[in-house]
Amino acid sequence: MQKLNKVILYCRPGFEKECAAEITDKAAAHEIFGFAKVIDNSGYTVFECYQEGDAQKLITTLPFKTLVFARQMFVAGDLLTNLPATDRITPIIEALTGCINKAGSLRVEVADTNEGKELAGFCRKFTVPLRQVLRQKRLLLNVENSARPVIHLLFINNHSCYVGYSDTQNNSPFHMGIPRLKFPADAPSRSTLKLEEAFHQFIPYEEWDERLRGGLNAVDLGASPGGWSYQLVKRSMFVYAIDNGAMDEKLLETGQVKHFKEDGFKFTPKKHNIYWLVCDMVEKPAKVAELMAQWLINGWCREAIFNLKLPMKKRYEVVKQNLAWLNDELIKHQVNAQIQAKQLYHDREEITVHVQKIWG
Ligand SMILES: C[S@@+](CC[C@H](N)C(=O)[O-])C[C@H]1O[C@@H](n2cnc3c(N)ncnc32)[C@H](O)[C@@H]1O
């Protein structure tokens, strides 16, 4: 049985420092203290808790949804090293025994790096015999169960891995924390996947029929060539697309898109019938946050999804400041809203924010 004193967090390679700063900050707010180990461009961060039991406490009490830079979070022990090529399974079973019982599923994962990609085939093959032994030992249930914890293995190379588990009520449901989306061949730009991923990330599936239903009106600021508008049109919405740049012809032919060659910072809706505001304009994060606050406070939309482009330095601080400013501004104007933010898989030097106005 291993000592579970670490929390492993997956992130976009290059954002380990931000992920580390965020977990240290947010764990401290829950009175959990430790230090984060950063390996640049590794695609993960290890947060080691000082006090016994705190790592397990952290993965259940710190809401995963509130983490911007982490794609996944699970509790683990020390890195298992020198796993013998002839029998990697025994030390893994030993590490898990006494830590977990009757887990609901198994994910054998790698970091989102080139080295990780090279290991992916090995992980896929290794999953089958490992799953079998985990089941024999009753560490894993015979039938997948989404109410029980998920066993995670993060392979760093083919002889070292972290082993632990996540809480199904408080984790990412996706393998490696990445929803697998297929690029639609008729979409006007690759950034279409950003908005689709945001829907998967922020909107519970059982609410899609209501909140992403056909017939809703949407405004897309910085819409050209139309990747985000495409997602809305695909869901039978009507879109006001604001951009000086051209819109995809096929999208315009649907009759569901009205293109305005205007400044997105000046455009105001004529009627109060807009449900969705989406915004992908490349601008300073404070300026975008201010615009979004204006729309939400004025009641021009019910929900918003927008990107905040990150600066080169102090990226976590900038994110924290802008989200706090937006939250304070909405409270000041008595707008009851829920804010979520994530650096999505399809986000590069940016994060995606979702705000839903809550009525009543
Ligand atoms: C990243 S692209 C948007 C891509 C789009 N979301 C898609 O999926 O195809 C940013 C767009 O914002 C537009 N933009 C930047 N500043 C703007 C402004 N002040 N008003 C309107 N559009 C703006 C640019 O013309 C550019 O087309």
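Take the conditions open to solvent by 60 Å² or more (accessible area, probe 1.4 Å) and not basic (K, R) and apply them to A293. Does it pass? The answer is no for A293. Against the test of being part of a loop (DSSP other than H, G, I, E, B), closer than 23 Å to R107 by Cα and either out of contact with any Cys (no Cβ under 6 Å at 6 or more places or on another chain) or among the aromatic types (F, W, Y) (or both), the options V68, V7 yield a single qualifying residue, V68.
Taking the criterion of being assigned to a helix (DSSP H, G or I) and over 26 Å from C11 (Cβ atoms), the residues of the stretch 126-168 that qualify are V128, P129, R131, Q132, V133, L134, R135, Q136.
Among the criteria (1) within 24 Å of R107 (Cβ to Cβ); (2) touching a helix residue (DSSP H, G or I) at 6+ places or on another chain (Cβ under 9 Å); (3) not β-branched (V, I, T), the one A218 does not fulfil is (1).
Could you check the stretch 294-317 and list, in sequence order, the residues that are among the β-branched types (V, I, T) and touching a helix residue (DSSP H, G or I) at 6+ places or on another chain (Cβ under 6 Å)?
I305
When the stretch 138-153 is limited to residues that are modelled with pLDDT of 95 or more and polar (S, T, N, Q), the one that is least open to solvent (accessible area, probe 1.4 Å) turns out to be N145.
Out of all the residues in the stretch 271-283, is one or more within 16 Å of the ligand (Cβ to nearest atom), among the charged types (D, E, K, R) and in contact with a helix residue (DSSP H, G or I) (Cβ under 7 Å, 6 or more places away or on another chain)? Scanning the stretch 271-283 turns up at least one residue that is within 16 Å of the ligand (Cβ to nearest atom), among the charged types (D, E, K, R) and in contact with a helix residue (DSSP H, G or I) (Cβ under 7 Å, 6 or more places away or on another chain).
Can you find, within the stretch 222-236, the residue that is nearest to the ligand (Cβ to nearest atom) among those that are more than 17 Å from N307 (Cβ to Cβ) and surrounded by fewer than 21 Cβ atoms within 10 Å (Cβ to Cβ)? So the residue we want is K234. Looking only at residues in the stretch 191-201 that are farther than 21 Å from F260 by Cβ and either open to solvent by less than 10 Å² (accessible area, probe 1.4 Å) or more than 18 Å from the chain's Cα centre (by Cα) (or both), the one that is farthest from the ligand (Cβ to nearest atom) is F199. State whether the residues of the stretch 333-342 include one that is open to solvent by 10 Å² or more (accessible area, probe 1.4 Å), modelled with pLDDT under 95 and not in a helix (DSSP H, G or I). No, there is no match, as no residue in the stretch 333-342 is open to solvent by 10 Å² or more (accessible area, probe 1.4 Å), modelled with pLDDT under 95 and not in a helix (DSSP H, G or I).
The values are calculated or read from the model by the stated rules, or taken from the named source; none is laboratory data. Quick caveat, the model's predicted, so the values are computed rather than measured. Cβ sites come from the backbone with ideal geometry, for glycine too, and all protein chains shown count toward neighbours. When the accessible area is computed, the model is the full protein with side chains, heavy atoms only, and any ligands, DNA or RNA have been set aside. Shrake-Rupley method; radii C 1.70, N 1.55, O 1.52, S 1.80 Å.
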